[in-house]
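What follows is a set of notes on a single structure, which appears directly below.
Each reported figure results from applying straightforward, stated rules to the coordinates on display, with no laboratory input. Being a predicted model, the structure only gives us computed values, none of them experimental. Neighbour counts run over all protein chains shown; Cβ positions are idealised from the backbone, glycine included.
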Amino acid sequence: MSTNTIAATTAERAEANAETGSMARLTALGRAELTLLCRNKTALSMSLVLPVALAFAMKQTVSGMDLGGTGLSVGTVLLPATLGYVLIFAVYSNLTSAYVARREELVLKRLRTGELRDLEILAGTALPSAVMGLAQCALLVIVGGLALDTGLPTSPHLLIAGLVIGMLVVVAFAAASSALAKSVEAAQLAVLPLMVLSLIGSGMVVPLDVLPDRVASVLELLPLSSAMELIRAGWTGGPDPAATTKLLINGFVWAGLAVFAVQRWFRWEPRR
Amino acid sequence: MNIGEKDIGGPGPSGADTDANVIDVTGLRRSYGATGRRAHARKGFEAVRGIDFSVGRGELFALLGTNGAGKTSTVELLEGLAAPTAGKVRVLGHDPYTERRKIRPRIGVMLQEGGFPSELTPTETLRMWAGCTTGARPIDEALSSVGLTRRKDVRVKQLSGGERRRLDLALALLGRPEVLFLDEPTTGLDTEARHETWELVRDLRDSGTTIVLTTHYLEEAEELADRLAILHNGQIAAAGQVTDVVATHPSHIAFDLPNGYHLGDLPPLESLGVIGHETTGRRVRLRTDELQRAATGLLIWAQDKGIELHGLDVRSASLEEAFLEIAKGLENA
């Protein structure tokens, strides 16, 4: 227990240490979170298997859909939906549980005693889920494109914009939703509203294009509708610049609302 | 207070860092539930109720108190985890809450309950922390300094409570902090591990680290602290060097008076240096500032009379006595 090495004089400290940078801190936290994600077998298999399994399950239904006049094919209905499942199940649901688990184990509180900024703690925790989610999407675009005959996206910039906005929305909503749950079990319930709303209303099960215009114009405003629309447009080409701008704005407004909710209600410690 | 002892000249002219005190606290208050969440049924429970103290460079300052006295609530304000309801805190010349970034690289914190993901190992935990810590020591060195080398690749969930405390200490020390906050560092440790931790803390203090420690073990405060404050119900009931706090409280002699004897049969109490007494049945309890004189007088008297004093208990003033007396006094007040 020698301590000569533990305490350093101010001079030593000043010369030896430039302060840690934001990237270094994010990497360190992200790496630990990645380890945790890989050790959580339930979460991991759910993220990897569920989106593909759901796509398979839906294939029959979609094949029976009347897609005439919508410009859609089975592939351009199913593949964007699969990417949506990745956002919802692999990122949103898992990340909400992760935030709750870290809070309840006092990890967030402990991290706040260190040099990490609050935003870095939130971002670092989300980092592995987000990166893995994006990688999974990239893989699905290629493999799914072959399997479902959609080919590679013709407007990849729209696909990427959709994924980025979708990722922002689900990460921000995950942090916000964590405030609603007192335990990891309760987190499974806290994610249900956005999950159900998005599956039904944001064009993941039924594309908005096949719904009556009036219904579609309301559902278009849901948190993940813009992201889904842009993702699909990656293949179908879709909207003109004005419509694209509208979609982007809708997505950013939801992300902004979620960020506001996080600032207002996010809990760094369990309730006393 | 006694910073001059180890640190000649202390905050004097030579030092670049001229803060007289590393920590300054004035009129500090902290309330819970004031924001009106349903978490706390009692509205505005006040855990810290107006306290003042300061800690000099290189000093070890202990906050002593029973559970619920307000120790953790106070130390969390020093660590910048929450903003005070009222009053002022300065750590290294900065507000630890609003100027968190400025002081974080210079302090080390050990929370009352460690917050570690249970599925990581100590090595992984320290690696993560090192990436977020300015001037972090090598991980192996940090592990061995708290005696966790053998357990470095075991998941945190399999560590004992004491091992987790030591991991927490390793994290707190990782950046070689100037100021160290230890919230009940030895709770849950066995005797041996507690003494090892004390030794480590003493070494840190001797090498110039300023330390604020909370504890409900009187022995720990007595062993380690240069100065201490006894917290009770969110207020400081006594403060100063251990000897000062103890000195304001008398020593005690207690015994059973044999049948047939009365208090009046004793030598005049004043001549023994006794300043007060109580009797409960046959039990007599004397208070004195001159323990040796009072005890000698009493024992000579007993020998002359051929009496055996049953249940004889001669006890010099200790922090424990002082602590109990303060707690009792405040409750009656």
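For the pair A:C38 and A:V143, a Förster radius of 25 Å applied to the C-beta separation gives a FRET efficiency near 0.70, rounded to the nearest 0.05. Label reach from A:K59 (point 7 Å along Cα→C-beta): in the range A:140-167, amide nitrogens under 18 Å belong to A:140-152. Bridging of A:K59 to aspartates and glutamates at a Cα separation below 15 Å is possible for A:D149, once same-chain residues fewer than 8 apart are set aside. Around B:R227, under 11 Å between beta carbons, what's the net of Lys plus Arg minus Asp minus Glu among the other residues? Here the charged neighbours net out to -3. Listed by chain and number, the lysines whose alpha-carbon sits under 28 Å from that of B:K71, ignoring those within fewer than 8 places in the same chain, are A:K109, A:K182, B:K6, B:K43, B:K88, B:K102, B:K157, B:K328.
How many angstrom lie between the Cα centre of the range A:210-247 and the Cα centre of the range B:131-164? Going from one Cα centre to the other spans 51 Å.
Taking every full run of DSSP H in chain A, the ones that stretch at least 18 Å from end to end by Cα along their long axis and average -0.5 or higher on the Kyte-Doolittle scale are A:22-39, A:41-64, A:118-147, A:156-178, A:241-265.
Ordering of B:111-122, B:174-185, B:256-267, B:314-325 by packing is B:174-185, B:111-122, B:314-325, B:256-267, highest average first (other Cβ atoms within 10 Å, averaged per residue).
Counted by Cβ distance under 13 Å from A:S202, the other residues give a net charge of -2, where Lys and Arg count +1 and Asp and Glu count -1. For chain B, the relative contact order works out to 18 percent when only alpha carbon pairs closer than 8 Å and six or more residues apart are counted.
Around the Cα centre of chain A, unit charges on the Cβ atoms of Lys, Arg, Asp and Glu (plus for the first two, minus for the last two) sum to a dipole of about 800 debye. Taking a straight line from the alpha carbon of A:K41, these aspartates and glutamates sit under 18 Å away, with near neighbours fewer than eight places off in the same chain left out: A:E33, A:E185, B:E119.
The mean sequence distance of close C-alpha pairs (under 8 Å, at least 6 residues apart), as a share of the length of chain A, puts its relative contact order at 24 percent. The simple Förster model, with R0 at 60 Å and r as the Cβ-Cβ distance, assigns A:A242 and B:E192 a FRET efficiency of 0.20.
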